[in-house]
1. Tally the DSSP beta bridges in the chain and give the antiparallel ones as a percent, rounded to 5.
2. Roughly how many Å² of Thr462 are accessible to a 1.4 Å probe, to the nearest 10?
3. Can you tell me the dipole magnitude for the range 280-380 around its Cα centre, using point charges on the Cβ only (Lys, Arg +1; Asp, Glu -1), in Debye to the nearest 20?
4. Output the peptides 432-438, 260-266 sorted from most to least packed, where packing is the average of other Cβ atoms within 10 Å over each peptide's residues.
5. Report the equivalent ellipsoid semi-axes for the range 260-302 in whole Å, largest first, defined as the square roots of five times the eigenvalues of the gyration tensor built from alpha carbon atoms.
6. So how long is each side of the chain along the principal axes, counting just the alpha-carbon atoms, biggest first, in Å?
7. Going by alpha carbons, how many degrees (0 to 90, nearest 10) lie between the helix axis of 91-103 and the longest principal axis of the chain?
8. Give me the accessible area of Cys346, 1.4 Å probe, in Å² rounded to the nearest 10.
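The values are calculated or read from the model by the stated rules, or taken from the named source; none is laboratory data. Quantities reported herein were computed from a predicted structural model and do not represent experimental measurements. Neighbour counts run over all protein chains shown; Cβ positions are idealised from the backbone, glycine included. The protein model used for the area step is the full one, side chains on, heavy atoms only, and it has no ligands, DNA or RNA in it. Shrake-Rupley method; radii C 1.70, N 1.55, O 1.52, S 1.80 Å.
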Amino acid sequence: MKKYQKLKKLWSMKNGVMMQYFEWNLPDDGTLWKQLKDDARHLHDIGITAVWIPPAYKGTGSNDVGYGTYDLYDLGEFDQKGTVRTKYGTRQELQEAIAELHRHDICVYLDAVMNHKAGADRTEKCMAYPVDPDNRDQPLAEPYEIECWTGFDFPGRGDKYSSFKWHWYHFSGTDRNEADGKNGIYQIVSEGKAWSIGVDTENGNYDYLMHSDIDLNHPEVIAELNRWGIWVARELELDGMRLDAIKHMNDQFVRQFLTTVRSELKRDFYAVGEYWKEDLTALEEYLGHVDYELDLFDVGLHYNFFQASQAGREYDLRTLLDGTLVRNHPTLTVTFVDNHDSQKGCSLESQVEDWFKPSAYALVLLMREGYPCLFYGDYYGMDGTPSPHRGTIDTLLNVRRHYAHGEQELYFDHPSTIGLVRRGDDKHPDSGLALVISVGDEGDKLMNVGTQHAGEVWHEVTGNRSETLTIGPDGNCVFPVSGGKTAVWVKKPEEEQQAT
């Protein structure tokens with residue numbers, strides 16, 4: 001844990017920003033890895049220090065976003081599921097993209113899906129019984145023989161990289177009985193087999209999520225997934241992983257997986273987990289169970305943004321950080337506005353309204369706490385429609401690099417208008433900023449940016465305000481914001497002051 005925290009401290013000193021480099025509706029054209037390679041220099045220039053890439057292995061077909069995982073070892077190399085490439089390209093193209101990112105000092109985190117498998121090669125027979133979807137601990141019948149899609153032979157890959165083949169006893173549940181054509185949640189029955197403990201308690205026991213649920217208590221499974229984690233980290237020279245659906249996975253498996261991979265790699269290896277739940281207590285308990293060896297996405301903060309964007313002037317901005325990880329565990333938190341699950345039409349739809357996104361991004365990118373994650377869809381666009389936020393995000397990223405340094409003070413003291421200041425430090429000349437956010441009418445905030453800024457002329461950089469302000473001798477200044485907008489104030493460059 002101490003080594004991991006030391007690594008996190010180094011990243012935070014660099015004002016690092018992660019970018020989720022995909023959205024749900026990317027075209028099935030196999031060009032993402034080429035695009036990412038070509039984009040590496042630009043990402044570096046705007047201040048991106050790490051890229052979270054989508055599941056890079058073979059899914060149920062070329063149009064699979066990657067979460068219908070078929071073969072973890074097929075990175076777009078073998079003719080399986082009707083395609084050699086994945087939705088995003090070939091293995092060679094992926095490795096070329098990663099090499100280019102590394103040349104520009106950008107870390108790469110792979111989306112790791114180890115909860116379930118899909119697209120089996122054949123059916124097998126086993127004993128199972130259906131369970132109540134709302135209470136998976138409640139059987140709906142006595143055990144009986146079913147025919148399920150649990151045989152994974154990987155005929156296109158054979159034994160290359162791994163000779164492991166998956167069978168029914170490597171899974172704890174499945175979603176279909178082919179014998180009678182019925183869909184449902186079937187718990188597989190065998191000696192010593194049960195739903196995992198150390199998972200979320202929603203629906204009684206939330207081990208089962210979809211497809212064929214991997215039994216993370218099975219020793220053969222644990223050994224194979226550990227081997228894969230070490231293999232893929234070395235093959236792709238990964239800097240870390242985003243762990244998918246961890247609230248459905250045995251927490252002790254996750255803990256030992258990270259310990260094993262880091263031990264074998266003998267180098268720093270970052271991890272952030274997707275535990276999609278607003279309950280802060282549950283997230284805190286989970287962090288304790290995994291010995292604080294990974295970060296978590298701040299789902300509570302995302303939902304606060306979403307609710308603020310829905311409620312508008314009725315939302316009390318003083319509560320914007322209530323119930324969030326970033327307030328309570330800032331060094332273990334990845335802050336985000338939206339992602340591929342929350343975007344419109346997706347399983348966890350809760351997309352933040354466009355009018356509030358500049359304010360949400362201003363907060364996550366400019367406050368001291370948290371490791372911010374920028375969503376591809378908010379920067380480049382979704383489903384072929386360009387994003388209206390790219391220019392503002394570029395401005396905020398520039399402010400983060402040059403001005404978001406030093407001591408911070410929050411002014412979350414008004415229901416419609418809140419603010420924060422960063423007072424700057426000696427290592428970053430002219431650093432320091434004032435952020436003001438409004439969900440109501442035009443407002444302002446009296447804030448103190450420090451006596452070191454006394455007499456400086458500051459201006460607003462997002463285009464929200466045109467006037468300039470002079471910092472008082474005590475470091476105080478009244479910073480205005482237009483209604484329903486965000487305003488970011490920084491020192492005006494000396495050459496611009498002289499020109500005016």
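1. On the way: 50 of 76 bridges.
In the chain, approximately 65 percent of DSSP beta bridges are antiparallel ones.
2. The value for Thr462 is about 40 Å².
3. Values: 6 positive and 16 negative charges, 75 e Å.
Roughly 360 debye, rounded to the nearest 20.
4. On the way: 432-438: 27.6, 260-266: 15.6.
Those peptides, ordered most packed to least, come out 432-438, 260-266.
5. Numbers: eigenvalues 115, 25, 8 Å².
The equivalent ellipsoid of the range 260-302 has semi-axes of 24, 11, 6 Å.
6. 79, 45, 44
7. 30
8. 20
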